[in-house]
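The values are calculated or read from the model by the stated rules, or taken from the named source; none is laboratory data. Because the structure is a prediction, the values reported are computed rather than measured. FYI the Cβ positions are ideal-geometry reconstructions off the backbone, even for glycines, and counts take in every protein chain you see. Each accessible area value is taken on the protein alone, full model and side chains, heavy atoms only, with ligands, DNA and RNA left out. Shrake-Rupley method; radii C 1.70, N 1.55, O 1.52, S 1.80 Å.
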Amino acid sequence: MKKKPATIKEIARKLKISASTVSRALNDHPSIGLVTTMRVKKMAQELHYEPNQTAIFFKQRRTFTIGVILPSLSEPFFSSAISEIENVAAEQNYTVLMGQSHDDAERELQIIHTFKKHRVDGILMSLGKNTEDLGFVNMLKESEVPIVFFDCVPKIEGVNKVYSDLSSGMREAIQSFASIGHKNIALINGPENLLASQERAAAYRQALLKENLSFDEKYVVNTDLTENGNIEAMEKLLLLPDRPSAIVSFNDFVTLDVIKHVRQKGLVQKRDIFFISYANYPLWKYMENPPMGSIEQYPDRQARRAAEMLFSQIGSTEDTKPQAVVFESKLELKN
C-alpha cells in the first residue's frame, strides 16, 4: 500500500512541538530560532514531507495557473506566441493551461467555463474567427478573472488587448506592388465578420488611394480560410476579364493554397501574378520560389506584452483603465 505523504502534524508529533511552530519553521519565520528551524526541516526531509499546494493556494487565493485560449496550436503564429507566454509565466512561477478552440465558438466558451471552474488566475485569449457573442467578458469580470486578448481581439471598449496594426504592412505591400507597375491589385480577405478582415479591407482601400489607384470592389473576395474556400476565392479573380496581376492575401496559408492553384492553371508566380500575404511564417525560406513578400505581425512581441499585462492585473487591488497596445506590422520582402 502506498504510504500517505507526511503532514505538519506528524512532524510536530515526532519533534514534540506544536504544529504552528513547524509551519513557521518551514516558512523561515523570524520568530523561530535557527536550531528549531534546522531540526524541523531535517525531519521534514526524512519524512519526505511536501507542502499541501491546495491549502497554500486557498490561503493565497491563487492557483498560480493561467489559461490560454488559441484557435490552433498548429499554426506557426500561435506556436511562437505560446512559447513566449510560457517564458513569461515561468518568470512568474506560473503554470500555463492550454485550450484550442479550432474556431468553434461553442468549444471556445466551454474552455472558458472550464478555466473558470478550475480557478485560473487569469486568461489570455485570441478569438476564433466565428466568435460573435462576447457575453463571457462580463461573466469573467464579475468573477474577478482578468482577461487579456491578443492578435484577434474584440472590437469593443473596456477590455485589455494587444494586436498588430495591419494598415502599416498593407500600405507597404500596395506601395511595393505599385512601384513595379501593378495597377490591378486584389485582396483575398478572410471571413467578413472577422475584425481582422474588416481591418485589412479598410487598410487596402486606403493604401490604394494613397498610391492614386482606384478601388474596385470586384477585386475584393472573401474566403472562409479553408483550402476549398481559398481556391474558390482565387478562381473568382482569375475569371475576371481584367484579372489582377498582384494580390494581397489574408495570410500565408491562403497564399500557399492559391499559389498551388495558379500553378495548376499554367501561371507563373512573380511573372504572371505576384503575391504578398500576412503572417511571415518561417516556411517561405524552404521554398525555391516564395511570394514577393509577407507582412510580419510579431506574434512573440504581442504574446509577451499581453502576458505581462495579465500578470500586472493578477492580484492587483487597483482598478486600472483597460489598455490597447498596438504593434505596427511590417512588410518583409522575399528573394
Quiz prompt | Residue selected from the stretch 162-195 under the condition polar (S, T, N, Q) and open to solvent by 50 Å² or more (accessible area, probe 1.4 Å), by the criterion farthest from residue 295 (Cα to Cα) | solution = 193
Quiz prompt | In the stretch 257-293, the residues that are part of a helix (DSSP H, G or I) and without any contact (Cβ under 8 Å) to a residue 24 or more places away in the chain | solution = 260, 263, 264, 285, 286
Quiz item: Would a scan of the stretch 120-132 turn up a residue that is surrounded by fewer than 18 Cβ atoms within 10 Å (Cβ to Cβ) and either of a type in the set (A, V, I, L, M) or over 23 Å from residue 197 (Cα atoms) (or both)?
Solution: no
Quiz prompt | Residue among 145, 120, 153 that alone is of a type in the set (Val, Ile, Thr) and more than 30 Å from residue 281 (Cβ to Cβ) | solution = 145
Quiz item: Restricting attention to the stretch 86-112, which residues are free of Cβ contacts under 8 Å to residues at least 12 places away in the same chain and either of a type in the set (Phe, Trp, Tyr) or surrounded by fewer than 14 Cβ atoms within 10 Å (Cβ to Cβ) (or both)?
Solution: 90, 91, 106, 110
Quiz prompt | the stretch 271-316: number of residues that are over 23 Å from residue 223 (Cβ atoms) and in contact with a Gly (Cβ under 8 Å, 6 or more places away or on another chain) | solution = 4
Quiz prompt | Failed criterion for residue 296 (all others in (1) surrounded by fewer than 18 Cβ atoms within 10 Å (Cβ to Cβ); (2) in contact (Cβ under 8 Å) with a residue 12 or more places away in the chain; (3) acidic (Asp, Glu) hold) | solution = (1)
Quiz item: Do we have residue 198 as assigned to a helix (DSSP H, G or I) and either touching a helix residue (DSSP H, G or I) at 6+ places or on another chain (Cβ under 8 Å) or surrounded by 22 or more Cβ atoms within 10 Å (Cβ to Cβ) (or both) here?
Solution: no
